[in-house]
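First the structure, in the form of structure tokens, and then the observations on it.
The values are calculated or read from the model by the stated rules, or taken from the named source; none is laboratory data. Nothing here was measured: the structure is a model prediction, and the numbers come from that model. Glycine gets a Cβ as well: all are built from the backbone with ideal geometry, and neighbour counts include every protein chain shown.
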Amino acid sequence: MIETNSGWVRSWGASPQAVHDGLGSFEDHPPLADVTLRQVVRVSGGGHRVRVRFTNEFGTGPLSIGAARVGLATPGGGVRPGSERVLTFSGASAVTVPAGAPVLSDPVDLLLPALAKLSISLYLPERVETCTCHDPGLETGWMIPGDAVAVPVVPENAEVLPVRALISAVELLTDGPARTIVVVGDSRVDGTGSTPDTNHSWPELLAERLASQGAAAGYISNQGISGNRLLNNGIGVAVLARFDRDVLATPGLGHVVLSSGGDIAISFAPRDDSLADFLRMFPGAPVTADDVIAGYRQLAARARERGVRVYATTIPPYGDAETYTPEGERARQTVNEWIRAGGAFDAVLDFDAVWRDPDRPSRIREEFHSGDYLHGSDAGYQALADSVDLSLFD
């Protein structure tokens, strides 16, 4: 048994990225200045005391936060009256975050049930040249002119914020033992293809199942990055390079789930003009199935040093996607055979078996992909979440 944790536990997370290292959703936006960002996150497990981790980890200069608040979110960006809490930083209402650093707010008392939606508002009084973000956001956020952290509803002059900006985690104190499951990987962890504003990534859907059971491990931090790879940087820092920050440093860490297949899709993609611009986002030499297996071995060993259980998902099919090739399919099968039988993990979540079409095993079942034969639909992500044995997290 893993020892449970009665201190801080992470209940929501999003891996930080440089604004130019994502999908481009915010790349051409003017620098932020004299604006309030209001963002909504859904926690997984509940608690009674809250702190927020803000991030300037990819900033090129200091980040000034002039004011910040949290509260229970209502639809459309509102805040439930009476739930508003002012956030401070070492007792001060404002803070300057150095380039390359995060900052934790002081904790505030706020009762958050499991799966509650939390509104986070922060005012940026000075110009933010480089915005640390997570792209895409998959939950609507807003940019409101001026200091609007105390505004109860989003005004008409607000603009939609297309990314998670300057926030990377919500951590809670709980009423009993608790521990966090960190899921790390690529776009199929991140929830690409799911309906925005519905919390339909498979880790969020798994959190719903765990919450319904009242599980102590019902806290999930989703550290997927769309376009991410295990071994090489490209869209976001590679899993091997960000593993200490995004996974092993997680408060209350109890389980790690590894779920990354981007290396194979990129390394074995067709080298033709139709994909040339896309592939330029992924530097580095192509990797082999053996390279991917070696990377998984490294991650498993590093996680076990922290005394946590390590699980892996098999790589789901991607036949008929733009990056598909028969050579890539053979590499995927090789890696999956090793994941299932190599003995490197405490358990295997066989997502390949859940998604593959019985008539064409190299391709996702029609009802489970979002139209691109690569990413899940809401039904596809639900099927993945439903396939997970909850007893693995006892």
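Restricted to segment 146-235, the set of strands (runs of 3 or more DSSP E) holding at least 2 residues that are in contact (Cβ under 8 Å) with a residue 60 or more places away in the chain and not charged (D, E, K, R) comprises 167-173, 180-185, 219-224. Within this structure, residue 341 fails the test of being within 19 Å of residue 270 (Cα to Cα) and at pLDDT 95 or above. Reported count of residues in segment 38-82, each being among the hydroxyl-bearing types (Ser, Thr, Tyr) and buried (at least 22 other Cβ atoms within 10 Å of the Cβ), is 2. Residues considered: 137, 176. Of these, the only one that is modelled with pLDDT under 95 and within 15 Å of the chain's Cα centre (by Cα) is 137.
Check segment 369-379 and report whether any residue there is under 16 Å from residue 259 (Cβ atoms) and charged (D, E, K, R). Steps first, answer last, please.
So the first thing to find is which residues in segment 369-379 are under 16 Å from residue 259 (Cβ atoms), and the list is 374-376.
Still in the running and charged (D, E, K, R): none.
No - not one qualifying residue is present in segment 369-379.
Among the candidates 275, 230, which residue alone is within 19 Å of residue 202 (Cβ to Cβ), surrounded by 14 or more Cβ atoms within 10 Å (Cβ to Cβ) and not assigned by TED's automatic domain parsing to the domain that holds residue 136? Give the steps one after another, and end with the answer.
Values: 275 fails: within 19 Å of residue 202 (Cβ to Cβ).
The conditions single out 230.
Which of (1) in contact with a strand residue (DSSP E or B) (Cβ under 8 Å, 6 or more places away or on another chain); (2) closer than 15 Å to residue 33 by Cα; (3) in contact (Cβ under 8 Å) with a residue 60 or more places away in the chain does residue 129 not meet, given it meets every other one? Looking at each condition in turn, residue 129 falls short on (1).
Look at segment 27-46: where a residue is free of Cβ contacts under 8 Å to residues at least 12 places away in the same chain, no partner that is exposed (fewer than 15 other Cβ atoms within 10 Å of the Cβ) and assigned to a loop (DSSP other than H, G, I, E, B) sits 6+ places away or on another chain with Cβ atoms under 9 Å.
Just name the residue that is nearest to residue 170 (Cα to Cα) out of those in segment 195-225 that are polar (S, T, N, Q) and surrounded by 24 or more Cβ atoms within 10 Å (Cβ to Cβ).
221
Going through (1) at pLDDT below 95; (2) out of contact with any helix residue (DSSP H, G or I) (no Cβ under 6 Å at 6 or more places or on another chain) one by one, residue 257 falls short only on (1). A count restricted to segment 243-254 and to residues that are of a type in the set (D, E, K, R) and surrounded by 21 or more Cβ atoms within 10 Å (Cβ to Cβ) stands at 1.
Considering each residue of segment 254-276, count those that are in contact with a Gly (Cβ under 9 Å, 6 or more places away or on another chain) and either within 20 Å of residue 217 (Cβ to Cβ) or aliphatic (A, V, I, L, M) (or both), and give that number. Step through it out loud before you land on a result.
Of all residues in segment 254-276, those in contact with a Gly (Cβ under 9 Å, 6 or more places away or on another chain) come to 257-269.
Of the ones still in play, those that are also either within 20 Å of residue 217 (Cβ to Cβ) or aliphatic (A, V, I, L, M) (or both) are 257-259, 264-266, 269.
Within segment 254-276, residues that are in contact with a Gly (Cβ under 9 Å, 6 or more places away or on another chain) and either within 20 Å of residue 217 (Cβ to Cβ) or aliphatic (A, V, I, L, M) (or both) number 7.
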